[in-house]
Amino acid sequence: CHKEEWVTGKSTSRKGLDGKQRRLKIGGFWAPVGTGGKGFGSPTKSPSKGIGRDRQLLRFVSETNENDGFGSVLQQSLKMEEVATRTQQLDDINPRVMAAAGLGVHRGAWDFESQTDHPKVDVKVGKDEGNRPCILLKDLVPSEVKRRTGFRDVHMLLSFAMVACNGSLENLFATTSKLTWLEEWVFFFEFMYGRTAIRWAEYEHNFKCSQKPLRRVLHIKLGLQKTARNRWPMVATYEEDAKFRREHWNEHFDPQTGIRAEMIDASELVLPSPSDAELQRSLFSDYYGGPVAKAGICNQFCSWIRGLPLCTGRITDSQLVTVTGVLEQQKTFAEADDTHSHIPFTDIVDKGFKIAISAVLHGQKVMQPNYSKGGVQFTGIETLESACVAVVRSGNERAVKRCKMSWFIKRGCAYQLWDINLVCDIWEAWTFQVNFM
């Protein structure tokens with residue numbers, strides 16, 4: 001069934017056989033609507049260059065970008081100021097001028113009025129056709145941001161996104177899918193938080209995008225965040241630790257002559273049972289009662305958290321410290337601290353970490369509860385010493401809880417199989433991200 005439209009009648013004049021002009025009136029009629037590629041109802045294949053003013057502006061922007069790398073930034077700043085003051089909308093700007101000036105990244109996140117005026121188009125998932133953005137900046141109220149990403153509000157979310165991009169606006173606004181730059185960041189942080197969706201089908205439905213481009217977005221943003229993690233120091237200096245920690249820590253340790261402490265603990269990420277016997281043996285943990293990946297967590301008094309690389313679940317806590325090279329890293333960092341290089345690290349651990357001899361060989365100290373010798377009852381001094389260590393180690397329980405805020409980390413691979421390299425990258429990136437949440 002072809003669509004039809006009503007064509008309004010009109011009058012015209014034609015020359016007859018006798019040479020005289022005669023008026024001819026044509027009444028209205030129904031005519032089929034063209035549906036081919038060249039039909040009047042089909043969209044244009046390329047955007048128009050606009051009127052003379054648009055062409056002149058396009059030529060100016062192109063020349064500015066060729067001669068000066070800041071030309072695009074200048075055009076964005078001037079034009080977005082007009083959009084923010086409601087003196088002009090993005091829809092009023094020629095598409096070619098918008099693309100040349102780099103204003104396309106702002107569409108879908110800042111132009112509130114033009115977005116709300118357009119009705120939402122229901123398209124199939126996976127199609128790259130135009131669609132109203134699923135997420136607008138005005139919709140990201142603090143409660144919604146907290147529910148989806150774990151950040152307190154959108155300001156904290158974008159602040160950490162800027163940290164991950166190393167202050168680069170180009171990386172912040174860059175997109176690799178049909179989603180807007182804001183939607184890509186919200187998707188990435190929502191995936192890392194892992195509380196609102198479990199399967200890829202749910203992300204496809206929520207963001208109206210197929211799985212392949214969403215995976216691409218995840219890997220690119222994850223790479224930016226891991227690169228940012230490598231740029232930041234592993235631990236805080238002694239002066240930073242003394243300045244940013246809470247006051248109650250100063251009651252136990254003097255901020256000027258105290259210890260340089262780092263609490264070390266281990267947790268687990270659940271893994272599926274492999275079919276290979278050797279792999280099953282290396283992953284199985286007697287303590288957790290199943291195949292796991294052992295995750296080391298370090299925490300300082302100033303609450304700076306870092307996650308150690310994942311290891312197989314079969315290794316002990318002492319082997320975890322040896323394999324990840326924690327003691328060597330601490331020694332190198334303490335010697336590089338100009339103001340307090342004479343203060344070594346003191347590792348605060350539980351009874352499972354038998355690293356006292358290794359720590360002494362690296363010029364460091366260990367603080368841990370006393371061991372019971374064959375069921376012999378502790379003396380009064382030993383009981384007090386163990387209680388003091390337990391009070392200090394309470395800060396490490398907070399670090400473990402913060403790392404388990406991500407339900408992706410908490411679930412592990414218990415309900416869905418993930419690539420082990422992806423799980424390792426998310427673990428390291430998430431333990432860096434929790435310091436900014």
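Per-peptide packing, taken as the mean over residues of other Cβ atoms within 10 Å, places 357-363, 288-294 in the sequence 288-294, 357-363 from highest down. The gain in end-to-end length when the residue 174 to residue 314 segment is fully stretched comes to 46.2 nm, 0.36 nm per residue minus the alpha carbon separation.
For the range 212-233 versus the range 393-419, the spacing of their alpha-carbon centroids is 19 Å. Estimated at 0.36 nm per residue, the fully extended path between residue 257 and residue 405 surpasses their Cα-Cα distance by 49.8 nm.
Just so you know, all these numbers are worked out from the coordinates, no wet-lab data involved. Since we're looking at a predicted model, the values are computed, not measured. So basically every Cβ, Gly included, is an ideal-geometry build from the backbone, and we count neighbours across all protein chains shown.
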